[in-house]
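Heads up, the thing below is written out as structure tokens.
The values are calculated or read from the model by the stated rules, or taken from the named source; none is laboratory data. In this text the structure is predicted, and so the values were computed from the model without any measurement. Backbone-built Cβ (ideal geometry, glycine too); neighbour counts: all protein chains shown.
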Amino acid sequence: MKTVRLVTLGCAKNQVDSEEIAGVLRERGYTLDPLSERVDAVIINTCGFLQTAKWEGAREIRKALTRKARGTIKHVVVAGCLSQREGSKMAEAFPKADAMIGVGQMARFGEILDRVFAGERVIEIGKPSHLWADVPTRARSDAPWSAYLKISEGCDHQCSFCTIPSFRGPHQSKPIERLMSEARFLAASGAREINLIAQDVTQYGYDIYGKFTLPELLGKLNEIEGVDWIRMLYFYPNRLTDELIETMCGSAKVLPYIDIPLQHAHPEILRKMKRPWDGERYLRLFERLRKAMPECAIRTTFIVGFPGETDEHFECLLQFMREAKLDRVGAFSYSCEAGTPAAEMRDQVAVSVKRERYHRLMSEQQAISLELNRKWIGRRLDVLLESEDDGQMIGRSFRDAPEIDGVVFVDGMDLPGEMIEVEITGAEEYDLRAKPVGRRARTAPKSQTLRMAVTN
Ligand code: SF4
């Protein structure tokens, strides 16, 4: 029985790919060993999004090759975004790596590993394509109560700073029937929360059905027994249509949580980024969202120090943030990525300025999120419990996506995976404190009413 360890770098989309690869290998008779350093093969599923991710990938490959040289690992397989992005350069840079595989080859990993064990060096980096594994083979690696469901691959937008379309390819949706069977499989494996992920969830379905089909998909997912929460990560600003907002309001399980990366608010910077709209229109969108879902949590990300960003542009972004009062904000210092149009722009911003703007933006946002969090004191929320720490439970409410947002600390002990009702007793910049007040019944599959996820 050959043992394999899978190392996953990068985002949740890569995690889903790794779970599919693990499932395919298990079906093929390989034994997955997530912990042992002494295995027959290591597969490194890399991220290639930013320079820092490339360094991390290279570090992980070097570490595995050192172990191969010492004889504790027999084969090293490199897969995913970095091998797709760097192609043959990577194969040359790491001549002792046994395989270099591009993105999306999940269903083929049994055959690929067989060839590696037969002594072949497998280099397969063609155009990005996506061969999904059969649904029931996915070997889940995260907590059973929360799962990611990738609804599409790739991206059709052309943001001038972004490398993703170059190695993940154009947008490609999974058919609704497949997604329904994946979601039922996840529910059967214990998932109470399903997080729909894609580079742009709002584009879902266009390539297959000739129209944006996210509302239909949500309507169907809302009917799946056993699932309580459906969350979506990431919306594209100009595709949050009235139909989509109405569907969110009318679907009891779809959380009023909007993760909408805006990247900037100043129209000049947004045009250079090849992104839609401007701060004014974003504010009007938030008004629409808050009118339809008064308690909705809005999350965004901004890039600071994009080429040509002046003090005035940055001040405009801060002013926008103060007006928008968003629940969650993440920020990145602009990273100059080879092969993107933004990397060719002449007016690059100094690293020290980017760093200073990043810290300023984050500290302004801390004050805003503390103010918003304090408004929850004395109110009730449903919380999905996930872990325990020092005599208290740690969970998440509808306002907290896994891994990227804050948490709710709840007094007392309970079982991870339980959903309980709590009363908020304290607030910090990112997290809330609470005491339990009751157990939460399963969400009914149907709801025709406009609902709010909270009670006063
Ligand atoms: S929408 Fe996101 S993934 Fe697509 S090009 Fe823009 S930043 Fe990249």
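Odds and ends about this structure:
- Just one of the numbered conditions (1) away from the ligand (no atom under 16 Å from the Cβ); (2) buried (at least 22 other Cβ atoms within 10 Å of the Cβ); (3) closer than 20 Å to Asp400 by Cα is not true of Ala198: (1).
- Any hit, segment 383-391, residues being polar (S, T, N, Q) and surrounded by 15 or more Cβ atoms within 10 Å (Cβ to Cβ): no
- Restricting attention to segment 155-190, the residues that are within 14 Å of the ligand (Cβ to nearest atom), more than 20 Å from Phe212 (Cα to Cα) and among the polar types (S, T, N, Q) add up to 3.
- Residues that are under 16 Å from Ile194 (Cα atoms) and of a type outside the set (Lys, Arg) within segment 383-404 comprise Val383, Leu384, Leu385, Glu386, Gly395, Ser397, Phe398, Asp400, Ala401, Pro402, Glu403, Ile404, listed in sequence order.
- Selection status of His130, modelled with pLDDT of 95 or more and within 16 Å of the ligand (Cβ to nearest atom): no
- Residue ID - nearest to the ligand (Cβ to nearest atom), chosen from residues in segment 142-154 that are within 15 Å of Cys11 (Cα to Cα) and in contact with a Ser or Thr (Cβ under 7 Å, 6 or more places away or on another chain): Ser152
- Looking only at segment 236-259, residues that are within 11 Å of the ligand (Cβ to nearest atom) and either under 30 Å from Asp311 (Cβ atoms) or not assigned by TED's automatic domain parsing to the domain that holds Ala324 (or both) come to 2 in all.
- Counting the residues of segment 182-195 that are surrounded by fewer than 18 Cβ atoms within 10 Å (Cβ to Cβ) and either modelled with pLDDT under 95 or not in a helix (DSSP H, G or I) (or both) gives 2.
- Qualifying positions in segment 209-240 - in a strand (DSSP E or B) and not basic (Lys, Arg): Trp229, Ile230, Met232, Leu233
- Residue match in segment 359-379 (condition: in contact with an Asp or Glu (Cβ under 9 Å, 6 or more places away or on another chain), closer than 30 Å to Pro144 by Cα and in a strand (DSSP E or B)): no
- Hits in segment 16-65 (condition: among the polar types (S, T, N, Q) and touching a helix residue (DSSP H, G or I) at 6+ places or on another chain (Cβ under 7 Å)): Asn45, Thr46
- Selection count, segment 1-37, where residues are crowded, with 20+ Cβ neighbours inside 10 Å, among the hydroxyl-bearing types (Ser, Thr, Tyr) and not in a helix (DSSP H, G or I): 2
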